[in-house]
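The values are calculated or read from the model by the stated rules, or taken from the named source; none is laboratory data. Being a predicted model, the structure only gives us computed values, none of them experimental. Note that we place each Cβ from the backbone using ideal geometry, even for glycine, and neighbour counts take in every protein chain shown. Remember, those area values only see protein heavy atoms, side chains included, never the ligands or the DNA or RNA. Shrake-Rupley method; radii C 1.70, N 1.55, O 1.52, S 1.80 Å.
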Amino acid sequence: MRKEAGMKFAKLWAGSAVALALGAGAAMAETSGHAAPWQLGLQPGVTPVAEYIHWFHNYLLMPIITVITLFVLGLLIYVMVKFNAKANPVPSKTTHNTLVEVLWTVIPIVILVVIAIPSFRLLYLQRDVPKGDMTIKVIGNPSWNWTYEYPDLGTNDDGSAKVTFTSYLKAKDKLEAGDTWLLSTDVPVVVPVNKTVRLLVTADPEGIIHSWTIPAFGMKIDAIPGRLNQDWFQATKEGTYYGQCSELCGKDHAFMPIEVRVVSQADFDAWAAKVKTAGADEARSTLIALLTAEGQVAQK
């Protein structure tokens, strides 16, 4: 009876694990630039940096963590069974074991070296900013929103960018098909696919520290008043990707979203032409019309 009950439990556990994995996979598949309910794991990465982060986490750190956890669990169970007072009434007086002491010193060092080599490569990939195909300046404002400047689309006589706009959280009663509450903005950032985008990130001199973060891009960079930081990304898949300020910055910290639309070069050129002549709102409407016609945005 006990054996049959154990087999039933094992089958139930296996079925639940498979269902959970399939459900998580479905959630991951349905995710478009943001986390989904019951999702397991990281958001799908769409940049070289994010893909490296996923490999580092899934295929190096997780196996090492799993092996160490199972080893320690097995060791604890062995010690509790073998050396409890009932099974071992006369305890050993052994105080040193040279081999064991060497092993528990050398093996952790080897593990750390194995982790360190790809970790340094990842850090170098993140921080070695390549020559960009385009540049965007990101400014975190004290009013809990973001201002974006596109200097590549033209500059004024004083050197300021002609194309600049401030992106605000989209009101709940103005959400459209495909929008996500607390993540969608009234005016998104638009970039072309497969292009290296160099970011210059700062915050208003009279403001506070913010942090510009896109999980699907594998990037997080602080926006600090009076300081210019830089980062980069190269999105390899068209779509809409979301992020939020990741630095506790005050009362509206939770209402400071980031929305980036990665589009084809042709769609980006059409948006750029419109934003230079008619402004960000009209350019957004033009882009949405193009994406809807191409089937990339659901109709109302």
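Just a few scattered comments:
- No other residue among THR180, THR196, THR185, THR213 is over 24 Å from ALA35 (Cα atoms) and of a type in the set (S, T, N, Q) apart from THR196.
- Conditions (1) under 19 Å from GLY45 (Cβ atoms); (2) under 14 Å from the mean Cα position of the chain (by Cα); number of the one not met by CYS245: (1)
- Identity of the residue in the range 36-69, buried (at least 16 other Cβ atoms within 10 Å of the Cβ) and hydrophobic (A, V, I, L, M, F, W, C), that ends up modelled with the lowest pLDDT: LEU42
- Near pairs, Cβ below 6 angstrom, 6+ apart or cross-chain, from the range 107-135 (touching a residue at least 12 places away in the same chain (Cβ under 8 Å)) to any residue that is surrounded by 14 or more Cβ atoms within 10 Å (Cβ to Cβ) and of a type in the set (Asp, Glu): MET134/ASP152; THR135/ASP152
- For the range 188-219, filtered to residues that are of a type in the set (A, V, I, L, M, F, W, C) and open to solvent by 10 Å² or more (accessible area, probe 1.4 Å), the residue that is nearest to ARG284 (Cα to Cα) is VAL193.
- Those residues of the range 234-283 which are within 22 Å of GLY207 (Cβ to Cβ), part of a loop (DSSP other than H, G, I, E, B) and either modelled with pLDDT under 95 or open to solvent by 30 Å² or more (accessible area, probe 1.4 Å) (or both), in sequence order: SER246, GLU247, LEU248, CYS249, GLY250, LYS251, ASP252
- Taken over the range 123-180, the criterion of being open to solvent by 20 Å² or more (accessible area, probe 1.4 Å) and in contact with a Cys (Cβ under 8 Å, 6 or more places away or on another chain) is satisfied by TRP144 alone.
- Of all the residues in the range 133-160, those that are at pLDDT 95 or above, among the acidic types (Asp, Glu) and not in a strand (DSSP E or B) number 1.
- Restricting the range 284-300 to residues that are assigned to a helix (DSSP H, G or I) and more than 22 Å from TRP146 (Cβ to Cβ), the residue that is least open to solvent (accessible area, probe 1.4 Å): THR292
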